[in-house]
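Here's the structure, in structure tokens; my notes come after.
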Amino acid sequence: MNVKIIDSAEEIAKIVSDRIISLVKEKPDCILGLATGSTPLQTYQKVIEKAKKQNVSFLKVRTFNLDEYLDNPIKEQSYRYFMDENLFDKIDIKKENTHFPPFENPAAYDEEILSCGGIDLQILGIGRDGHIAFNEPGTPFDSMTHIASLDEKTIKDNSRFFESIDQVPKKAVTMGLATIMKAKEIILIATGKNKAEAIYKMTQGLDTKTPASILNKHNNTTVYIDNDIRKEIESWKQ
Ligand code: F6R
């Protein structure tokens, strides 16, 4: 796991969008693993701009998203909706090539990913409690795609997208930690000082209390953090 400190969230988005675009150019039928949330938004915006400018086609690209809410009454809050709005509807990807984990038989997702040849590049954000996808603290490192319960901290964080905290779904279907670890390349993005504690803990070695720490065992993972996180961690040492 390689940690890189970059000046700003904007710079990180430039670097990560460049990596996505260069992969699609090198391998037009590549498999991308994608995340939702605030973190990858700027990256997706830049992917859209660069795909247009550089005439890069996503026609043969297949995507597998990390997770989807269960029992979500508000369509506009679904991760499918988020991805359509913020990426898929703005590039030439075929909708049938974009996948979300199924509610019934979640384990079939792992088989589907495998049968496509595996994820070439997985994009990740991180929760304040160290979760990746919806693998909350305590999730076994060998977990495959499964139904997960959201922690109180995550429900509270995600309530910013809803009118009230009661609307936030309590469960989701999520890739497991072992699913994520099978990706050939992983990029985790973390920006803003409220992610400092999670980043600090994940770099302290393997611990199921910090699910993202499993990435210490992956041989092609880059973690991009911004200066706000660096400054916050340094301030604790003074
Ligand atoms: C989203 C996902 C989550 C988020 C994490 C950070 O698909 O899997 O793990 O990456 O909760 O969310 P933001 O980016 O909104 O801070």
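One table, with the values for the structure above:
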| item | result |
| --- | --- |
| Net charge contributed by nearby residues that have their C-beta within less than 13 Å of residue 67 (K/R +1, D/E -1) | 0 |
| Percentage relative contact order, segment 6-83, counting C-alpha pairs under 8 Å, at least six apart | 35 |
| Cα gyration tensor category, rounded, prolate or oblate, for segment 137-214 with a/c compared to 1.5 | oblate |
| Estimated vicinal HN-Hα couplings, Hz - segment 184-194 in sequence order (Karplus 6.51, -1.76, 1.60; Gly, Pro = x) | 6, 9, 10, 10, 10, 10, 9, 9, x, 5, 6 |
| Whether segment 43-160 is rounded, prolate or oblate, judged on the alpha carbon gyration tensor where a/c under 1.5 counts as rounded | prolate |
| Sequence-distant residues sharing a close amide H with residue 64 (under 5 Å, placed H) | 32, 33, 34, 99 |
| Of 25/90; 4/182; 14/201; 182/237; 53/95; 27/52, pairs whose Cα-Cα distance is over 24 Å | 14/201; 182/237 |
| Heavy-atom accessible area ranking, 1.4 Å probe, most first, across 189, 15 | 15, 189 |
| Distance (nanometres) between label positions extended 7 Å along Cα→Cβ at residue 60 and residue 76 | 3.9 |
| Stokes-Einstein D for segment 1-104, Kirkwood Rh over Cα pairs, 37 °C, 0.692 mPa s (µm²/s) | 226 |
| Per-residue SASA entry for residue 151, accessible area with 1.4 Å probe, Å² rounded to 10 | 50 |
| Highest average packing first - 158-169, 39-50, Cβ atoms within 10 Å | 39-50, 158-169 |
| Charge tally in the Cβ shell below 10 Å around residue 213, where Lys, Arg are +1 and Asp, Glu are -1, residue 213 excluded | +2 |
| Segment 49-182: relative contact order in percent, alpha carbon pairs under 8 Å with at least 6 residues between | 29 |
| Protein-only accessible surface order, largest first, of 23, 59 at 1.4 Å | 59, 23 |
| Counted charge near residue 156, where neighbours are those whose Cβ lies closer than 11 Å (Asp, Glu -1; Lys, Arg +1) | -1 |
| Packing rank of 125-135, 200-210, where each peptide gets the mean count of other beta carbons within 10 Å, highest leading | 125-135, 200-210 |
| Residue 171 long-range amide H proximity, modeled H, under 5 Å | 70, 150 |
| Accessible area in the full protein assembly, largest first, 1.4 Å probe, for 26, 76 | 26, 76 |
| Expected-Rg normalisation [2.2 N^0.38 Å, Cα atoms] applied to the chain | 0.96 |
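The values are calculated or read from the model by the stated rules, or taken from the named source; none is laboratory data. No experiment lies behind these values; they were computed from the predicted model shown. Cβ atoms come from the backbone with ideal geometry, glycine included; neighbour counts cover every protein chain shown. Heads up: the accessible areas ignore ligands, DNA and RNA and are worked out on the full protein's heavy atoms, side chains in. Shrake-Rupley method; radii C 1.70, N 1.55, O 1.52, S 1.80 Å.
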